[in-house]
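Please read the structure below before turning to the comments.
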Amino acid sequence: MSSTHVCLSVILSLCYCYFLSSKFPKGIPRLISLLPIFYLFTILPLYFSSAFLIALTTFFITWLANFKLLLFAFDQGPLSLSLSSFNKNNATTNLPIFISMAALPLRSKQYSPIQENPTKKIPLNLAAEFVLFAIFLELTFHHRSQIHPKLVLICYCFMVFLMIDILVALSSSIVQRILVGFELELEPPSNEPYLSTSLQDFWGRRWNLTVTNTLRLTVYNPVRSALSRVVGVKWALRVAVLATFVVSGLMHELLFYYVNGVRPSWEMTGFFVIHGLCVLVEIGVKRAVKDTWRLPGFVSGPLTVGFVVATAFGLFFPPIIRNGADERVLQEVGFCFDFLKDKMFQFVGHFR
């Protein structure tokens, strides 16, 4: 199955969800109607041979789209919001919005139809992020043998952040230009995670906001609500926080299982479980001191970022590097960048 066939499968599947599944009553009936789509979206990455496309499809479709459709089954989340916000418009107008919100890593603040075409601009820092990503890619792709392994891992940390930011920002820009008849207020991909002052701040309010919000709606809120009357509010919160990190870890394991094709080592799950436990410790400490004492930002900030980087070095990146997934992705992205760079130089050369 080619990439064109995969894209067509996703679009047709989401049309089915929009036109047919939405007519079922919310809850179990609609959930059952979506089961074939869950299955299809779970196996779609297996039709690619490219490591980058496998990772991209697993992240966009197998993870985020499936989770959004799970919320949609119970009339919650961005897909249900997109339908209710445009119920006065015709189906052909609503459908592109529904597909965009489902298939791309986007989440909207609100929807409001407008009369005139909005003028949207790509964020000013996006060009700088492209340049920085190109620099780190050049270092790791062409000069990796000359760089200390620890510096390579530091480059990977920056590249993961920049890649997610660029992909989400480009998705937002493309959607806003295609759907020019509506004002879509889209969330930014992240909120300067390098300025985090605590793990709770990093994971809850700064890092990869699309995933954070999706996990909050699909895991944290339901678990906390279900357990509050059983074990009490305090313990329900603790279990919900830990469950959220466990699910995130399992989805990362699935992503790299598809890319690597080897049995998971569970180091990534361990990474997220450790961070979940540390977040619980943070919450407990904050409640104990009740804001009577707190580390200044210039101390807590470097400690937070340093802890994230150190644990990523020890648990997150080793299974990726061990099986060569990083080299496969770097090769594919590096070849694309080299191709674009050569074309750009050729284009500039014509004007000399």
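The values are calculated or read from the model by the stated rules, or taken from the named source; none is laboratory data. Bear in mind the structure is a predicted one, so any value in this text is a computation, not a measurement. Every residue, glycine among them, receives a Cβ derived from its backbone with ideal geometry; neighbour counts consider all protein chains shown. SASA here: full protein model, heavy atoms, side chains in, ligands and nucleic acids out. Shrake-Rupley method; radii C 1.70, N 1.55, O 1.52, S 1.80 Å.
Check the range 192-204 and report whether any residue there is without any contact (Cβ under 8 Å) to a residue 40 or more places away in the chain, not in a helix (DSSP H, G or I) and not basic (Lys, Arg). Checking the range 192-204: at least one residue is without any contact (Cβ under 8 Å) to a residue 40 or more places away in the chain, not in a helix (DSSP H, G or I) and not basic (Lys, Arg).
Looking across the range 197-213 at every residue that is of a type in the set (A, V, I, L, M, F, W, C) and open to solvent by 30 Å² or more (accessible area, probe 1.4 Å), the one that is nearest to the chain's Cα centre (by Cα) is identified as TRP207.
Just give me the residues in the range 204-241 being closer than 24 Å to SER190 by Cα and among the aromatic types (Phe, Trp, Tyr), in sequence order. Hits for the range 204-241 are TRP207, TYR220.
Could you identify the single residue in ARG177, ARG216 that is open to solvent by 50 Å² or more (accessible area, probe 1.4 Å), over 27 Å from PHE313 (Cβ atoms), in contact with a helix residue (DSSP H, G or I) (Cβ under 9 Å, 6 or more places away or on another chain) and touching a residue at least 24 places away in the same chain (Cβ under 8 Å)? None of the others qualify; the one that does is ARG216. Among the residues of the range 1-59, those identified as among the aromatic types (Phe, Trp, Tyr) and open to solvent by 20 Å² or more (accessible area, probe 1.4 Å) are TYR16, PHE19, PHE24, PHE38, TYR39, TYR47, PHE48, PHE52, PHE59.
Taken residue by residue, the range 140-147 has at least one member that is assigned to a loop (DSSP other than H, G, I, E, B), modelled with pLDDT of 80 or more, over 22 Å from the mean Cα position of the chain (by Cα) and on the phi < 0 side of the Ramachandran plot.
Yes/no matrix, rows are residues, columns are (1) at pLDDT below 90; (2) surrounded by fewer than 16 Cβ atoms within 10 Å (Cβ to Cβ):
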residue: LYS286; (1), (2): yes, yes
residue: GLY297; (1), (2): yes, yes
residue: GLY301; (1), (2): no, no
residue: PHE316; (1), (2): no, no
residue: ARG322; (1), (2): yes, yes
residue: ASP326; (1), (2): yes, no
residue: LEU330; (1), (2): yes, no
residue: CYS336; (1), (2): yes, yes
residue: ARG352; (1), (2): yes, yes
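Which of the residues belonging to the range 248-292 are among the small types (Gly, Ala, Ser) and either over 13 Å from PRO319 (Cβ atoms) or in contact with a strand residue (DSSP E or B) (Cβ under 9 Å, 6 or more places away or on another chain) (or both)? Within the range 248-292, SER248, GLY276, GLY284, ALA288 qualify.
Please go through the range 148-169 and pick out each residue that is open to solvent by 60 Å² or more (accessible area, probe 1.4 Å) and part of a helix (DSSP H, G or I).
Restricting attention to the range 148-169, the residues satisfying the condition of being open to solvent by 60 Å² or more (accessible area, probe 1.4 Å) are 148-151, 154, 158.
Result: PRO149, LYS150, LEU151, ILE154, PHE158.
Candidates in the range 225-261 are the residues that are of a type in the set (Gly, Ala, Ser) and in a helix (DSSP H, G or I); of these, the one that is farthest from the chain's Cα centre (by Cα) is SER228. Would you check if PHE307 is under 30 Å from PHE141 (Cα atoms), of a type outside the set (S, T, N, Q) and open to solvent by 50 Å² or more (accessible area, probe 1.4 Å)? Yes; evaluated as a whole, the condition is true for this residue.
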